[in-house]
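The values are calculated or read from the model by the stated rules, or taken from the named source; none is laboratory data. It should be emphasised that the depicted structure is a prediction, and the values quoted were computed from it without experimental measurement. So basically every Cβ, Gly included, is an ideal-geometry build from the backbone, and we count neighbours across all protein chains shown. Just the protein is used for accessible areas: all its heavy atoms, side chains included, with ligands, DNA and RNA removed. Shrake-Rupley method; radii C 1.70, N 1.55, O 1.52, S 1.80 Å.
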Amino acid sequence: NEGARIVAEGIAQRSSDVDIVYLNGYGFPAYRGGPMFYADTVGATQIVKRVNDFKSPHGATLWSPAPLLESLAKSGGRFSEA
């Protein structure tokens, strides 16, 4: 979700930039390819569902789906194409 915000705001030029930072800087499991790649394999619809699952117990301030993520879920798009 936060990766979608970072891409939409132009902080990262593409989703693979977010993946590289997470793989090399934060120790994201390399076999998953990075959080944005993993989101593409799971599907944006599933990610939106999980973000919404966290909204009730933890509040909408932090747990509202990013507009780019919602858009990809509705269109069936992928971060690698955004």
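Values as computed for the structure displayed
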item	result
R0 of 22 Å, Cβ-Cβ distance Thr41-Leu62: FRET efficiency to nearest 0.05	0.35
Tilt relative to the chain, helix 15-25 - C-alpha long axis, 0 to 90 degrees, to 10	70 degrees
Charge dipole (the chain, unit charges on Cβ, about Cα centre) - positive-most of Phe28, Gln13, Thr61	Thr61
Relative contact order %, the chain, counting alpha carbon pairs below 8 Å whose residues are six or more apart	34 percent
Surface share of carbon and sulfur [accessible, 1.4 angstrom probe, percent] for the chain	54 percent
DSSP-assigned coil residues among chymotrypsin sites (Phe, Trp or Tyr not before Pro) in the range 19-81, each with at most 10 further Cβ atoms within 10 Å	Tyr26
The chain, Rg to Rh (Cα coordinates; Rh as Kirkwood inverse mean 1/r)	0.96
Loop GluC sites (Glu not before Pro), the range 1-80, which have at most 14 other Cβ atoms in a 10 Å radius of their Cβ (DSSP)	Glu9
Charged-residue dipole, Cβ positions (Lys, Arg, Asp, Glu), the chain about Cα centre, Debye nearest 20	200 debye
Solvent-accessible surface ranking, highest first, for Ser64, Ser71, Ser56, Ser15 at 1.4 angstrom	Ser56, Ser71, Ser64, Ser15
